[in-house]
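Below is one structure, written out as structure tokens, with a few remarks after it.
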Amino acid sequence: MTKPVILTGDRPTGKLHLGHYVGSLKNRVLLQNEGKYDMFIFLADQQALTDHAKESEIIRESVGNVALDYLSAGIDPAKSTIFIQSQIPELAELTMYYMNLVSLARLERNPTVKTEIAQKGFGSSIPTGFLVYPISQSADITAFKANYVPVGNDQKPMIEQTREIVRSFNHTYKTDVLVEPEGIFPKNEAAGRLPGLDGNAKMSKSLGNGIYLSDDADTVRKKVMSMYTDPNHVRVEDPGQVEGNMVFHYLDIFGREEDQADIAAMKEHYQRGGLGDVKTKRYLLDILERELAPIRKRRLEYAKDMGEVFHMLEKGSEVAREVAGQTLSEVKAAMGINYF
Ligand code: TRP
């Protein structure tokens, strides 16, 4: 029996932060360790280039950084195939064939792409590659015959687009080579989107409000000490607000079962008055460090030998190429363009 396939990837445009960790990395490690799936995890450098064509050095550097983040968070190359998108030319070839099955109007309707176009201020100069990236993403997913694709809610349109392409391809060429994937989306809002340290709805590099898996202990301490709490909680004796207070919000997300009684007591004390922000922050810092310290330690170890990290990516890419190549042959056969 072959195992169901899980595939997911990230655009390498920077280092990964706590939002990535709670939103996806942690879950990937759990799925990987269940041993029930064939896992593929990849660095979507070609997709990153669709809006960073002139900053390819950022992409190159981020490939190394995100690979380190993966390894230190517990993604294990002995259990998961980790690869780099650009090293699998079969994906670009599949994209060519799928492009003929998707209209320009359909691409322009993709809500995530629409939002991104507005955010990035492309105006009327949208790079063609950018508009087409959902098709390339469909190639990523279908090349590995992925059954499940764990992604954020913003990726729903990409999964839908992929399902349409699969149906269209299989119908057009009277075949069943392509597999319709299902998205796996975050179960609750909290895990889906970690707010920034400043209380902004999203932790993001551009807002400078994040804690990175690569931050050293001193940086994490300074960041936690600067977190947004309750601006009206001026003196320790003042009653404080728990809602909208990032320290308590993070405690709700990162606290474990055994911390729940302490957290409930602290909330009560804070609301009553008499509990200072420095105390709540020190407590949160311990909770975060419990998670971050082992990751940081592993990261420093792996970072000593980047040659080895890239060697791991090279081996993963070889495995991935085999699989994608097999699907591509089946696709070409279905289309009747297997001439020789
Ligand atoms: N678009 C995804 C993101 O921005 C990254 C990605 C590219 C991806 N190809 C994929 C995710 C295939 C899942 C499957 O997060």
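Is segment 151-231 rounded, prolate or oblate when judged by the Cα gyration tensor, a ≥ b ≥ c being the square roots of its eigenvalues, rounded requiring a/c under 1.5 and prolate requiring a/b larger than b/c?
Working: a/c = 4.42, a/b = 3.24, b/c = 1.37.
Because a/c hits 1.5 or more and a/b exceeds b/c, segment 151-231 counts as prolate.
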(request) Can you tell me how much longer the chain between residue 56 and residue 293 gets when fully stretched, taken as 0.36 nm per residue apart minus their C-alpha distance, in nm with one decimal? (result) 82.2 nm
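Under 1.5 on a/c is rounded, so check that first for segment 27-181, then, if it is not, pick prolate when a/b is larger than b/c and oblate when it is not; a ≥ b ≥ c are the square roots of the alpha carbon gyration tensor eigenvalues. Before the final figure, lay out the partial values.
Working: a/c = 1.83, a/b = 1.15, b/c = 1.60.
It is oblate, given that a/c is not under 1.5 and a/b is not larger than b/c.
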(message) Given contacts defined as C-alpha pairs under 8 Å and at least six residues apart, what's the relative contact order of segment 198-340, whole-number percent?
(response) 22 percent
(request) Mind scanning 54/120; 36/332; 205/281; 54/223; 120/205 and naming the pairs with a C-alpha gap bigger than 20 Å? (result) 36/332; 205/281; 54/223
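Could you order 17, 52, 269 by accessible surface area, starting with the largest, using a probe radius of 1.4 Å?
Working: 17 15, 52 35, 269 60 Å².
My answer, sorted largest first, is 269, 52, 17.
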(message) How tilted is helix 156-172 with respect to the longest principal axis of the chain? Cα atoms for both, answer in degrees (0 to 90, nearest 10).
(response) 10 degrees
(message) Quick one: the Cα spread of segment 213-340 along its three principal axes, in angstroms, biggest first?
(response) 82, 37, 27
(request) Per residue, how big is the convex hull around the C-alpha atoms of segment 273-332? Give it to me in cubic angstrom, could you? (result) 142 Å³
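With all protein chains present, how much of the accessible area of the chain (probe radius 1.4 Å) comes from carbon and sulfur, to the nearest whole percent? Intermediate results must be reported in sequence, preceding the final value.
Values: 8810 of 16870 Å².
C and S fraction of accessible area: 52 percent.
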(message) Give me the tail of P(r) for segment 75-159 as a percent: Cα-Cα pairs with distance above 20 Å.
(response) 42 percent
(message) If I build a Gaussian network model for the chain, linking alpha-carbon pairs within less than 10 angstrom, which residue out of 98, 283, 148 has the largest mean-square fluctuation?
(response) 283
(request) Kindly give the semi-axes, whole Å and largest first, of the ellipsoid equivalent to segment 1-46, taking each as the square root of 5 times a Cα gyration tensor eigenvalue. (result) 22, 14, 5
(message) Can you report the principal axis dimensions of the chain using only the alpha carbons, biggest first, rounded to whole angstrom?
(response) 81, 43, 40
(request) Could you name the aspartates and glutamates whose alpha carbon sits less than 18 Å from that of residue 297, not counting residues in the same chain fewer than 8 places away? (result) 69, 76, 215, 216, 218, 286, 289, 305, 308
(request) Note down the nm distance, to one decimal, between modelled labels 7 Å out along Cα→Cβ at residue 335 and at residue 202. (result) 3.4 nm
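State in Å² the accessible area per residue of the chain; use a 1.4 Å probe, count heavy atoms of protein chains only, and round to the nearest integer.
On the way: 16870 Å² over 340 residues.
So the chain comes to 50 Å² accessible per residue, rounded to a whole number.
Could you work out the relative contact order of the chain, using alpha carbon pairs under 8 angstrom and six or more residues apart, expressed as a whole percent? All intermediate terms of the calculation are to be shown ahead of the outcome.
Working: 480 pairs, mean separation 74.3, N = 340.
It rounds to 22 percent for the chain.
Please state the shape class of segment 115-204: rounded when a/c is under 1.5, otherwise prolate if a/b exceeds b/c and oblate if not, all from the C-alpha gyration tensor. Can you show the working numbers first?
Details: a/c = 3.56, a/b = 1.46, b/c = 2.43.
Taking the square roots of the gyration eigenvalues as a ≥ b ≥ c, segment 115-204 is oblate.
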(request) May I ask you to derive the FRET efficiency for residue 99 and residue 36 from their Cβ-Cβ distance with R0 = 30 Å, giving the value to the nearest 0.05? (result) 0.30
(message) Of 311, 240, 271, which is farthest towards the positive pole of segment 209-340's charge dipole, taken about the Cα centre with +1 and -1 on the beta-carbons of Lys, Arg and Asp, Glu respectively?
(response) 311
(request) Quick one: angle between helix 306-335 and the longest Cα principal axis of the chain, in degrees between 0 and 90, rounded to 10, please. (result) 40 degrees
(message) Starting from 0.36 nm per residue, how many nanometres of slack lie between residue 185 and residue 219 once their C-alpha separation is accounted for?
(response) 9.1 nm
(request) Please determine, in degrees from 0 to 90 and to the nearest 10, the orientation of helix 111-120 with respect to the longest principal axis defined by the Cα atoms of the chain, where the helix direction is its Cα long axis. (result) 70 degrees
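Roughly what % of DSSP beta bridges within the chain run antiparallel, to the nearest 5? Walk me through the intermediate numbers first.
On the way: 1 of 16 bridges.
So the antiparallel bridges in the chain amount to around 5 percent.
Within 12 Å, Cβ to Cβ, of residue 159, how many net charges do the neighbouring residues add up to if Lys/Arg are +1 and Asp/Glu are -1? Walk me through the intermediate numbers first.
Values: positive: 156, 163; negative: 140, 154, 160, 164, 180, 182.
Residues close to residue 159 contribute a combined charge of -4.
The values are calculated or read from the model by the stated rules, or taken from the named source; none is laboratory data. Computed from a prediction, not measured in an experiment: that's the story for all the values here. FYI the Cβ positions are ideal-geometry reconstructions off the backbone, even for glycines, and counts take in every protein chain you see. Calculation scope for accessible area: heavy atoms of the full protein, side chains included, ligands and nucleic acids excluded. Shrake-Rupley method; radii C 1.70, N 1.55, O 1.52, S 1.80 Å.
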